[in-house]
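See structure below.
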Amino acid sequence: MNAPDAFSTAHAALLEPAGIDEAALGRTFGLLAAHRADDADLYFQLTRSESWMLEEGQVKSGSFSIDQGVGVRVVAGEKTAFAYADDLSPEALEASAKVTRAIAASGGSGQVAAPAPRLAKSLYQPIDPVSALDDAQKVRLLERLERLARARDPRVKQVIGRLASEYDVVYIARSDGLRAADVRPLVNLSVTVIVEQDGRREQGYCGGGGRFGYDYFDDAKLEQYAHTAVQQALTNLEARPAPAGPMTVVLGPGWPGILLHEAVGHGLEGDFNRKGTSAFAGRVGERVAARGVTVVDDGTIADRRGSLSVDDEGEATSRNVLIEDGILRGYIQDRLNARLMGVSPTGNGRRESYAHLPMPRMTNTLMLGGDRDAQEILASVDRGLFAVNFGGGEVDITSGKFVFSAAEAWWVEGGKLQYPVKGATLIGNGPDALTRVSMIGNDMALDPGIGTCGKEGQSVPVGVGQPTLRIDGLTVGGTG
């Protein structure tokens, strides 16, 4: 797809039915410019979404929603005025503009530039996955996944399948004349398996998705999800209580990058650093990680869950090097924080919907691969933990302290996997943990497409990735 397709789709879905044309946009910006401002934008959005859950062969829940509206924002200095409406009409647009222009006059030129389209390269096809299959076909997809999971092992007692999709059309108009549009598909399929043996019950999970259609979930992909979920659950049946204390920890490739996202990525967002509340504030150019550690936030990877052709302020996304060979190079920025910090936006202005303000958010946050073989890294561990998969976690942005629970982990001794453990939590400080990375694998992998990031009450889809990593002296909280 090329950018004009997104423009025509956005015009047909959002502007034309509401009778909004360029003249109406111009009048709106004229109202906003009555008070001098540094920035102003209009964010139009139409979202159709659905979700299905199948349990015990029956559809236990299903939902379908349509939401549309416009957010109107004016920024002057550090102050922001914002209003939104779920009625797309010239009258609603004008009313929202009158609300936002109550902002105090300060700075800025107050000028409105001539319209100029941003023809960004599209990273995904402009398809509508919600309407691609009928309801019966969607249920059959879940039923097939359930059958595959149950066929893996007689100890499987319960299978829960979930299917979700979204069709998101956005149109962005800015007072500097920029016009941008994007058509964003998103699908996700997952399975949770519960197994039982001798009265003990454990669970496993697998899933994935991205910015494409349901045809991604072919038989091979369903087999993979079923196998992985069942195998994880069966592994946990044999798990022993996890040890506790400081030890060497090896993180597997792919989804374990969620630890990087939470413990380090949030601390590199521009708003926290501008306000001085991040552990990384004021440290650009300093060594913040071990040699060999390079962290990027890349919103330009085709079809990925965290990717965007343009961000929610109309900026083209990019590949931003945040940490290079252990040296902090910069932060991820939206327009407001970039302007106040005297740097350029990085294409990371994101919002949950038209009813929310944009802020600097991650897209796909990755640690690049090194030169070590994964088996070599495991073989180097005398006694320690190998964390294959993660569940939930949390981080304190100011201190960088994090706590993460391992969904699948193994005790390593003499360089070999000994037995699975359960109840392991990783406890540490993000900036400190980066300095403890001693070996970096050559097997960098992206997560399967399951990440959702929360910040200040807003949720957005994200991606993570990393190679196998050895971290020395990380604290493990266990049950053994």
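Summary table below
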| item | result |
| --- | --- |
| For R162: the one exception among (1) over 30 Å from V230 (Cβ atoms); (2) at pLDDT 90 or above | (1) |
| Boolean, Y216 is in contact with a helix residue (DSSP H, G or I) (Cβ under 6 Å, 6 or more places away or on another chain) and touching a residue at least 12 places away in the same chain (Cβ under 8 Å) | no |
| Among the residues listed as S190, S175, S131, the single one being among the polar types (S, T, N, Q) and at pLDDT 95 or above | S190 |
| Meets criteria (of a type in the set (D, E, K, R), at pLDDT 95 or above and under 28 Å from I172 (Cβ atoms)) for D325 | no |
| Qualifying residue in the stretch 465-475 (condition: farther than 24 Å from R305 by Cα, in a loop (DSSP other than H, G, I, E, B), over 24 Å from the mean Cα position of the chain (by Cα) and among the basic types (K, R)) | no |
| Qualifying residue in the stretch 247-266 (condition: in contact with a Cys (Cβ under 8 Å, 6 or more places away or on another chain) and closer than 20 Å to G392 by Cα) | yes |
| The stretch 369-384, residues that are within 21 Å of Q232 (Cβ to Cβ) and in a strand (DSSP E or B) | G384 |
| The one condition in (1) in contact with a helix residue (DSSP H, G or I) (Cβ under 7 Å, 6 or more places away or on another chain); (2) surrounded by fewer than 18 Cβ atoms within 10 Å (Cβ to Cβ); (3) acidic (D, E) that D447 fails to fulfil | (2) |
| Unmet requirement for V195, which otherwise passes all of (1) over 29 Å from the mean Cα position of the chain (by Cα); (2) open to solvent by 20 Å² or more (accessible area, probe 1.4 Å) | (2) |
| Close pairs from the stretch 242-267: first on the phi < 0 side of the Ramachandran plot and open to solvent by 20 Å² or more (accessible area, probe 1.4 Å), partner at pLDDT 95 or above and among the acidic types (D, E), Cβ under 7 Å, at least 6 apart | T248/D472; P253/D443; W255/D447 |
| Of all residues in the stretch 210-241 being within 13 Å of V421 (Cβ to Cβ) and among the hydrophobic types (A, V, I, L, M, F, W, C), the one that is surrounded by the fewest Cβ atoms within 10 Å (Cβ to Cβ) | L237 |
| Qualifying position, being assigned to a helix (DSSP H, G or I), in contact with a helix residue (DSSP H, G or I) (Cβ under 7 Å, 6 or more places away or on another chain) and not small (G, A, S), among L93, L88 | L93 |
| Filter result (in a strand (DSSP E or B), surrounded by 20 or more Cβ atoms within 10 Å (Cβ to Cβ) and not hydrophobic (A, V, I, L, M, F, W, C)) within the stretch 31-48 | D41, Y43, Q45 |
| Total residues in the stretch 110-150, condition in contact (Cβ under 8 Å) with a residue 24 or more places away in the chain, surrounded by fewer than 20 Cβ atoms within 10 Å (Cβ to Cβ) and of a type in the set (A, V, I, L, M, F, W, C) | 10 |
| Exclusive hit being open to solvent by 50 Å² or more (accessible area, probe 1.4 Å), on the phi < 0 side of the Ramachandran plot and of a type in the set (G, A, S), set S63, S51 | S63 |
| Selected residue [open to solvent by less than 20 Å² (accessible area, probe 1.4 Å), in contact with a His (Cβ under 9 Å, 6 or more places away or on another chain) and among the β-branched types (V, I, T)] from V395, V462, V421 | V462 |
| Among (1) within 17 Å of F272 (Cα to Cα); (2) open to solvent by 20 Å² or more (accessible area, probe 1.4 Å) - the single one D371 does not satisfy | (1) |
| Candidate set from the stretch 311-342 (those that are aliphatic (A, V, I, L, M) and in a strand (DSSP E or B)); member that is farthest from V74 (Cα to Cα) | I327 |
| Close pairs from the stretch 385-411: first without any contact (Cβ under 8 Å) to a residue 24 or more places away in the chain, partner of a type in the set (F, W, Y), Cβ under 9 Å, at least 6 apart | G391/Y205; G391/F404; G392/F404; D396/F402; S405/F390 |
| Given (1) open to solvent by less than 10 Å² (accessible area, probe 1.4 Å); (2) not in a strand (DSSP E or B), index of the condition F404 fails | (2) |
| Subset of the stretch 3-30 [assigned to a helix (DSSP H, G or I), surrounded by 19 or more Cβ atoms within 10 Å (Cβ to Cβ) and not small (G, A, S)] | F7, T9, L14, L15, L25, T28, F29 |
| Qualifying positions in the stretch 282-300 - open to solvent by 10 Å² or more (accessible area, probe 1.4 Å), under 16 Å from G465 (Cβ atoms) and touching a Ser or Thr at 6+ places or on another chain (Cβ under 6 Å) | T300 |
| Out of A355, A387, A433, A409, sole residue that is in a helix (DSSP H, G or I) and either in contact with an Asp or Glu (Cβ under 9 Å, 6 or more places away or on another chain) or buried (at least 19 other Cβ atoms within 10 Å of the Cβ) (or both) | A433 |
| Test set (1) assigned to a loop (DSSP other than H, G, I, E, B); (2) of a type in the set (V, I, T); (3) under 24 Å from R436 (Cβ atoms) - I301 fails condition number | (3) |
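The values are calculated or read from the model by the stated rules, or taken from the named source; none is laboratory data. Small disclaimer: the values here were computed from a predicted structure and weren't measured. Here the Cβ is made from the backbone with ideal geometry for all residues, glycine too, and neighbour counts use every protein chain on show. Note: accessible area is taken over every heavy atom of the protein model, side chains too, but ligands, DNA and RNA are not part of it. Shrake-Rupley method; radii C 1.70, N 1.55, O 1.52, S 1.80 Å.
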